[in-house]
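Written below as structure tokens is the structure these notes are about.
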Amino acid sequence: MKRRFEGVFPVVPTVFHADGTLDLPGQLRCVDFMIDAGSNGLCILANFSEQFALADEERETLTRAILEHVAGRVPVIVTTTHFSSAVCAARSRRAQDLGAAMVMVMPPYHGATLRVGEAQVVEFFRTVCAAIAIPLMVQDAPVAGTPLPAALLARMAREIPNLRYFKIEVPQAANKLRELIALGGDAIEGPWDGEEGITLWADLEAGCTGAMTGGGFPDGMRAIVDAYRQGRHEDAFALYQRWLPLINWENRQAGFLAAKALMQAGGVIQCSAPRHPWPDLQPEIRQGLISIARRLDPLVLRWAQ
């Protein structure tokens, strides 16, 4: 089966000035670095992009600016998650019109307790997919708090024509990927890994064909995935061992601020601050991140020189 999209599609962080306003020149430098670092594609407006802190007008500004700047160099996935089926459909259609290659959507949720049942989840995705012609990736993430059994995902893949990609980042992701592939067969065009690659090795062994990682070191992630896909599994394992301390530090310590901290340290961007009220990285966490990165010599620390 020919897969349209595979490889490493890291999440693009949103770049702000110190006062919290969008830094569009910095944003575009960030994108150029990520492409130069070997990203097979990009994902924007995801949770690791601080999408939850963006206004609708800013989403539009970022989507337009990034897609125009990328200009087809790599495919771009736009996250369009919203609780409302109609709003999510309209967001997705707008992303398609601006040039998105795919949209990524979580099931509808709000806060800690507002969820809908399985029948409504299916109709939600039917509604969104009916509004677009590009593929939709289901983001199966703990933040949504919505159970998405592999059987349900496989059913939607069989019944909804452009719902073919699945980013699995729940506990025991590799088991779920195996089950999804077994149940869905050819309808599963893109079984993908997420969660910054912390489970990447297990997920590659389970059959994932794409990885949505953090944005700070696509060169390291690409080396692992390329080696594995080329059948050089021992090389891939050695590379995963090499990069795992940095992957772990991002996933378990620095979170979505890791990419911007690395980019600031390397001169790609001027400011790595999140948008208030999210706290900035503790100095010790930032120092540990940079210290590990320097041992690995990723492009992010050299690109702007």
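Miscellaneous remarks
- Complete set of residues in segment 66-83 that are buried (at least 18 other Cβ atoms within 10 Å of the Cβ) and part of a helix (DSSP H, G or I): I66, L67, V70
- With respect to being of a type in the set (D, E, K, R) and either within 26 Å of A293 (Cα to Cα) or buried (at least 24 other Cβ atoms within 10 Å of the Cβ) (or both), K167 fits the description.
- Of the candidates T146, T63, T113, the single residue that is within 18 Å of the chain's Cα centre (by Cα), free of Cβ contacts under 8 Å to residues at least 60 places away in the same chain and at negative phi is T63.
- Considering A89, A71, A95, the condition of being modelled with pLDDT of 95 or more and within 28 Å of G185 (Cα to Cα) is satisfied by A89 alone.
- Here segment 160-184 is the region considered, the condition is being more than 21 Å from the chain's Cα centre (by Cα) and in contact (Cβ under 8 Å) with a residue 12 or more places away in the chain, and the residue that is nearest to T127 (Cα to Cα) is I160.
- The C-beta contact set for segment 260-281 (first residue surrounded by fewer than 19 Cβ atoms within 10 Å (Cβ to Cβ), second residue aromatic (F, W, Y) and part of a loop (DSSP other than H, G, I, E, B), distance under 9 angstrom, 6+ apart or interchain) comprises G267/W303.
- Count of segment 41-60 residues which are surrounded by fewer than 20 Cβ atoms within 10 Å (Cβ to Cβ), of a type outside the set (G, A, S) and not in a helix (DSSP H, G or I): 2
- Verdict on G72 being closer than 15 Å to F5 by Cβ and out of contact with any Leu (no Cβ under 7 Å at 6 or more places or on another chain): yes
- Answer from E179, E196, E189, E205 - the residue that is among the acidic types (D, E), closer than 28 Å to G266 by Cβ and out of contact with any Leu (no Cβ under 8 Å at 6 or more places or on another chain): E196
- When segment 11-67 is filtered for residues that are of a type in the set (D, E, K, R) and either within 19 Å of G267 (Cα to Cα) or out of contact with any Ser or Thr (no Cβ under 6 Å at 6 or more places or on another chain) (or both), the ones remaining, listed by number, are D19, D23, R29, D32, D36, D56, E57, E58, R59, E60, R64.
- In segment 282-305, the residues that are small (G, A, S) and touching a residue at least 24 places away in the same chain (Cβ under 8 Å): G288, A293, A304
- Residues in segment 5-38 that are among the polar types (S, T, N, Q) and either at positive phi or part of a loop (DSSP other than H, G, I, E, B) (or both): T14, T21.
The values are calculated or read from the model by the stated rules, or taken from the named source; none is laboratory data. All figures in this text were calculated on a predicted structure; none of them were measured in a lab. Using ideal geometry, Cβ is built from the backbone for each residue, glycine included, and neighbour counts are taken over all protein chains shown.
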